[in-house]
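Heads up: the structure comes next, in structure tokens.
The values are calculated or read from the model by the stated rules, or taken from the named source; none is laboratory data. Keep in mind the model is a prediction, meaning the values are calculated, not measured. Ideal geometry is used to build each Cβ from the backbone, glycine not excepted, and the neighbour counts take in all protein chains shown.
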Amino acid sequence: MTAPLDIEGPAAPPRSNGELVFAEPWEGRAFAMAVGLYEAGAFTWPRFQAALIARIAAWETALTQDEPHHYYRLWLAALEDVLVGLCVVSTDELNARTRALTQRLPGHDHPG
């Protein structure tokens, strides 16, 4: 089972010359986590896609001139929404992990 990534529209991942584009290493890891969990049967792709579209729509609604579109931040938030919705992880666990990661030095976003 592979994720149907040949999609168009707001939920389509950024591409250049047909290849996925990641500006930072964490973006590729976030992408791989979602695809890997989908392929492991943790959730359906339509469920993830709906969460991503909802996150994009919320961003568009709250859009200001100073806030650029960060596709993979929305991607990661959608993954968190799906996993919280399925009770795989709690919001408290996500918040605790986020706090722990934000306290690390730049470039040290993974355990020792």
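Counting residues in the stretch 11-21 that are among the β-branched types (Val, Ile, Thr) and assigned to a helix (DSSP H, G or I) gives zero.
Being modelled with pLDDT of 95 or more and surrounded by 11 or more Cβ atoms within 10 Å (Cβ to Cβ) holds for only one residue in Ala51, Ala3, and it is Ala51.
Quick grid of which residues meet (1) closer than 26 Å to Pro106 by Cα; (2) free of Cβ contacts under 8 Å to residues at least 40 places away in the same chain:
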residue: Leu20; (1), (2): yes, yes
residue: Glu27; (1), (2): yes, no
residue: Ala34; (1), (2): yes, no
residue: Ala40; (1), (2): no, yes
residue: Leu79; (1), (2): yes, no
residue: Leu86; (1), (2): no, no
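Looking at the stretch 9-37, which of its residues are surrounded by fewer than 13 Cβ atoms within 10 Å (Cβ to Cβ) and within 14 Å of Leu79 (Cβ to Cβ)? Scanning the stretch 9-37 gives Ala32, Gly36.
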